[in-house]
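Notes follow the structure.
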Amino acid sequence: MATSPRAFVLRHTQLLPVPGLEEIRLHLAPEVLPLWRAVQVETGDADASLPYWACAWAGGLAIGRYLREHPEAVAGRRVFDLASGSGLCAIASLHAGAAEATGADIDHFAAAAIELNARANRRRVAVVRRDVLDQEPPDVDVILAGDCWYESRLAERVLPWLRLARRRGIDVLVGDPGRRYLPTDAFVELASYEVRTTTDLEDLERKPGRVYALDA
Ligand SMILES: C[S@@+](CC[C@H](N)C(=O)[O-])C[C@H]1O[C@@H](n2cnc3c(N)ncnc32)[C@H](O)[C@@H]1O
């Protein structure tokens, strides 16, 4: 890679308020597909992942709205944001009074984006840049999982891991706009919000973003 992930994120995004969560600002890309092409060129990898980190996804937006309405879900607690992307859920949890927040993502541009976004919001988010799904769940009080159900392989791995965490006494909140691989039977719906996504990849500009809890 010619430039650092941090410099790349800064070059290709604008710091903008998040639709529906204007108290949070993120480094967002106005259009994802040209940025995806830039990622492919930068990494020399035609199969590079979409720049998920440059959007506020519907699932994360729903979790952010829920935490604004229900800060008691995270206030004073240790939060782990699985599949963090931009860090939106971790940052929203800190706005709601979380004691500490960690964002985990496998994408090194996401790791840079989480740090930049945390700083832009005058917050600190610890970053884990590895696949944690083959490991024990972390020692935290709450796991947030925003928009994790868009591909089958990831969905198959996330649910058992979240269940294991729940059996260990960790609260689990999932945010999702009705993605194909969401196992709705596994969850209890807590709230629904109309969210406006910023991406040019979605079929609709507004979506119902639902927040679910994983039952004990
Ligand atoms: C659709 S984005 C959601 C981002 C954010 N939670 C939100 O709602 O805006 C999904 C994210 O999951 C990340 N991801 C995919 N597989 C992962 C894994 N095994 N562990 C952690 N993150 C993963 C991707 O890199 C991507 O950033």
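Numbers at a glance
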quantity	calculated
Exclusive hit being at pLDDT 95 or above and in contact with a helix residue (DSSP H, G or I) (Cβ under 9 Å, 6 or more places away or on another chain), set ALA111, ALA62	ALA111
Test result for ALA126, surrounded by fewer than 17 Cβ atoms within 10 Å (Cβ to Cβ), of a type in the set (A, V, I, L, M, F, W, C), more than 10 Å from the ligand (Cβ to nearest atom) and within 15 Å of the chain's Cα centre (by Cα)	yes
Of all residues in region 75-121 being within 10 Å of the ligand (Cβ to nearest atom) and assigned to a loop (DSSP other than H, G, I, E, B), the one that is surrounded by the fewest Cβ atoms within 10 Å (Cβ to Cβ)	ILE106
Qualifying residue in region 187-210 (condition: farther than 28 Å from GLU22 by Cβ and either of a type outside the set (A, V, I, L, M, F, W, C) or buried (at least 21 other Cβ atoms within 10 Å of the Cβ) (or both))	no
Residue that is nearest to ILE91 (Cα to Cα) [pool: residues in region 1-55 that are touching a Gly at 6+ places or on another chain (Cβ under 9 Å) and among the hydrophobic types (A, V, I, L, M, F, W, C)]	ILE24
Positions within region 71-83 being without any contact (Cβ under 8 Å) to a residue 60 or more places away in the chain and either more than 15 Å from VAL140 (Cα to Cα) or of a type in the set (Ser, Thr, Tyr) (or both), in sequence order	PRO71, GLU72
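The values are calculated or read from the model by the stated rules, or taken from the named source; none is laboratory data. Model, not experiment: these values are computed from the prediction. In this analysis, Cβ positions are derived from the backbone assuming ideal geometry, glycine residues included, and neighbour counts consider all displayed protein chains.
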